[in-house]
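Enquirer: Please read through the structure below; I'll follow up with questions.
The values are calculated or read from the model by the stated rules, or taken from the named source; none is laboratory data. Everything quoted here is computed from the prediction, not taken from an experiment. Reconstructed Cβ throughout: ideal geometry from the backbone, glycine too, with neighbour counts over all protein chains shown. Note: accessible area is taken over every heavy atom of the protein model, side chains too, but ligands, DNA and RNA are not part of it. Shrake-Rupley method; radii C 1.70, N 1.55, O 1.52, S 1.80 Å.
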Amino acid sequence: MSIAVAALSHAPSFGSVDPGGSTLDEIKDGIQQVRAFIDRFDPEVIVVFGPDHLNGQLYSHIAPWVIGAQAEGVGDYGTTAGPIKVDGDTARQLHAAVLAEGIDIGRSERMIVDHGVMQPVDFLLGKDNTRPIIPVFVNAIAHPLTPMKRVREMGEAFGKAALQLNKRVLFIASGGISHSPPIPRWDTAPDEVRARLVTYAPTSEQRRAREEAMVAGIRRIADGKAPSTPLNEAWDTMVLDTLRSGNLTEVDAWENEQFIIHGGSAAHEMRSWIAAYAALSMAGKYELPVDRYWAVKTWGGGFAVQAGCTA
């Protein structure tokens, strides 16, 4: 029937590290604009494209992308924890339809999601949200990664599948733009870190300690007491301009390693945005009624909120 996109960066520093000036109020206002857009669109199906930060999707079985028919949140950085209301029947229907389009996507009946999925859901739908979602893990952290062309094709397959539903389908895209947090790489990680990358089941105290250490590190960077790879506003603009243009075949030439060199260690989280806009493009030309961006130096990254619908 129709497709729309709501795209939102996520940030562990949100609410913990002051971005300075009026930036936080502006970001909150942008989020409210997207929430109002979602209310007007009144989605019947909500698909969430998001990464995982090696909390639920581990090297015990890593895949390029997985659709969740049942899921629970780990509750990191204050996000929703425990069982999540998922539209399992539609998730399984979409899984079959995307497979039929030639995209090899996995399905989980016990997906574990972290703030990469749940922070945008909590912000855009509310922690009291009663509408079911369909989480889709889009690998952005665990290397090696698929070529960018396959991300676009995966998104297009979801768009075609969504149109077959004959319903109002909202794709939520989650991911930071340029930012470079410390992320372990399997090839260079010591044995004890590799063990955690295969099996990670921390206690609540261990998870809290890890989160507090991450936030403390961001605060040190914000206070000028620790070095950090600077955000790349020019690169952010290039990526966002490509999404704005609707000419998504441009991403096919983007090389994975160059993406990291210019955007940082976690820049591949924008794969979720590429997939969402590729899905939207299957419904025709689109426009962005909400389109805002901030280069947040104290967070060490670019932050954006967007809403997209057919023109």
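Enquirer: Take the conditions surrounded by 12 or more Cβ atoms within 10 Å (Cβ to Cβ), of a type outside the set (F, W, Y) and not in a helix (DSSP H, G or I) and apply them to S272. Does it pass?
Expert: Considered against the rule, which asks whether it is surrounded by 12 or more Cβ atoms within 10 Å (Cβ to Cβ), of a type outside the set (F, W, Y) and not in a helix (DSSP H, G or I), S272 comes out as no.
Enquirer: Here is a further query. Hey, D291 hits all of (1) of a type outside the set (A, V, I, L, M); (2) buried (at least 17 other Cβ atoms within 10 Å of the Cβ); (3) part of a helix (DSSP H, G or I); (4) modelled with pLDDT of 95 or more but one; which does it fall short on?
Expert: Among (1) of a type outside the set (A, V, I, L, M); (2) buried (at least 17 other Cβ atoms within 10 Å of the Cβ); (3) part of a helix (DSSP H, G or I); (4) modelled with pLDDT of 95 or more, the lone unmet condition for D291 is (3).
Enquirer: Restricted to region 1-30, and to residues that are β-branched (V, I, T) and in contact with a strand residue (DSSP E or B) (Cβ under 6 Å, 6 or more places away or on another chain), which residue is nearest to S272 (Cα to Cα)?
Expert: Only one residue fits best here, namely V5.
Enquirer: Within region 79-92, is there a residue that is of a type in the set (D, E, K, R), over 20 Å from A173 (Cβ atoms), at pLDDT below 95 and open to solvent by 10 Å² or more (accessible area, probe 1.4 Å)?
Expert: no
Enquirer: Take region 84-99 and flag every residue that is free of Cβ contacts under 8 Å to residues at least 60 places away in the same chain and either in a helix (DSSP H, G or I) or within 11 Å of A162 (Cα to Cα) (or both).
Expert: Those that are free of Cβ contacts under 8 Å to residues at least 60 places away in the same chain and either in a helix (DSSP H, G or I) or within 11 Å of A162 (Cα to Cα) (or both): G88, D89, A91, R92, H95, A96, L99.
Enquirer: If a residue must be β-branched (V, I, T) and within 14 Å of the chain's Cα centre (by Cα), how many such residues does region 268-305 contain?
Expert: Qualifying residue count, region 268-305: 2.
Enquirer: Take the conditions modelled with pLDDT under 95, surrounded by fewer than 22 Cβ atoms within 10 Å (Cβ to Cβ) and under 18 Å from the mean Cα position of the chain (by Cα) and apply them to S265. Does it pass?
Expert: Yes, satisfied.
Enquirer: Among the residues of region 236-258 satisfying the criterion of being touching a residue at least 60 places away in the same chain (Cβ under 8 Å) and buried (at least 17 other Cβ atoms within 10 Å of the Cβ), which is nearest to R150 (Cα to Cα)?
Expert: Once the filter is applied, the top-ranked residue is V251.
Enquirer: Name the residue, out of A283, A304, that is in a loop (DSSP other than H, G, I, E, B) and either modelled with pLDDT of 95 or more or surrounded by fewer than 24 Cβ atoms within 10 Å (Cβ to Cβ) (or both).
Expert: Going through A283, A304 in turn, just one is in a loop (DSSP other than H, G, I, E, B) and either modelled with pLDDT of 95 or more or surrounded by fewer than 24 Cβ atoms within 10 Å (Cβ to Cβ) (or both): A283.
Enquirer: I would also like to ask the following. Find the residue count for region 143-160, including only residues that are over 29 Å from V198 (Cβ atoms) and at pLDDT below 95.
Expert: Selection size over region 143-160: 0.
Enquirer: Moving to a separate point now. Got a sec? Which strands (runs of 3 or more DSSP E) wholly within region 1-72 have at least 1 residues that are surrounded by fewer than 20 Cβ atoms within 10 Å (Cβ to Cβ)?
Expert: Hits in region 1-72: 2-8.
Enquirer: Which of the residues spanning region 159-173 are buried (at least 16 other Cβ atoms within 10 Å of the Cβ), closer than 12 Å to T90 by Cβ and of a type outside the set (G, A, S)?
Expert: L165, V169
Enquirer: Take T188 and tell me if it is closer than 30 Å to H61 by Cα and open to solvent by 90 Å² or more (accessible area, probe 1.4 Å).
Expert: yes
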